[in-house]
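The values are calculated or read from the model by the stated rules, or taken from the named source; none is laboratory data. In this text the structure is predicted, and so the values were computed from the model without any measurement. No Cβ is skipped: glycine too gets one built from the backbone with ideal geometry, and neighbour counts run over all protein chains shown. To get the accessible areas, we keep the full protein, side chains included, count just its heavy atoms, and leave off ligands, DNA and RNA. Shrake-Rupley method; radii C 1.70, N 1.55, O 1.52, S 1.80 Å.
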Amino acid sequence: LIGPVMIAMMLGVLQFGIGMQNYNSLRAASAEVARYAVVNYQTNNKLSDSQLQNYMRSVATRAPYSLIETRLTVSIRDATTQRVTGAKEKTISLTYTIPTVLSFIGVQDIPLRYSRPVFLLNS
């Protein structure tokens, strides 16, 4: 009687670990893209939002992050309120759907969302 419950609990711990790894991948990949954008702006290479989105996809789907491209949504846009004078603020927003290992007990895929600001100095 306890066997199925214990298996579901162990798989739940596994699911939580997968979720944490994917969340950390989103954070680290967005930090890498933010650094890339800042460096390019400093060298007067002002990248478009679509160029940054493409770079974000390529970074997030290769090692060490290895996120599944079809489960990843990337949005990079100008912030509605620019908070720092002399800088352009952009917002990187990511959504990733974690594949579930708990579908046998009715748990659906779990969406993760992460967002971070990037401040680009105008030259």
Legend entry - Close pairs (7 angstrom Cβ cut-off, 6 or more residues apart or separate chains): under 14 Å from Ile76 (Cα atoms) in the range 40-56, open to solvent by 50 Å² or more (accessible area, probe 1.4 Å) anywhere: Asp49/Arg77; Tyr55/Tyr36
Legend entry - Hey, Glu69 of a type in the set (Asp, Glu) and either over 18 Å from Ala29 (Cβ atoms) or without any contact (Cβ under 8 Å) to a residue 12 or more places away in the chain (or both) or not: no
Inset, instruction - Please verify whether the range 97-105 includes one or more residues that are hydroxyl-bearing (Ser, Thr, Tyr) and in contact with a Lys or Arg (Cβ under 8 Å, 6 or more places away or on another chain). - result: yes
Inset, instruction - Determine, yes or no, whether Ala34 is over 30 Å from Pro4 (Cβ atoms), modelled with pLDDT of 95 or more and of a type in the set (A, V, I, L, M). - result: yes
Inset, instruction - Could you check how many residues of the range 27-47 are among the aromatic types (Phe, Trp, Tyr) and open to solvent by 50 Å² or more (accessible area, probe 1.4 Å)? - result: 1
Inset, instruction - With the condition kept exactly as written, say whether any residue in the range 10-26 is surrounded by 15 or more Cβ atoms within 10 Å (Cβ to Cβ), under 13 Å from Lys90 (Cβ atoms), out of contact with any strand residue (DSSP E or B) (no Cβ under 9 Å at 6 or more places or on another chain) and not polar (S, T, N, Q). - result: no
Legend entry - Of residues in the range 48-106 being closer than 18 Å to Glu32 by Cβ and of a type in the set (Asp, Glu), the one most open to solvent (accessible area, probe 1.4 Å): Glu69
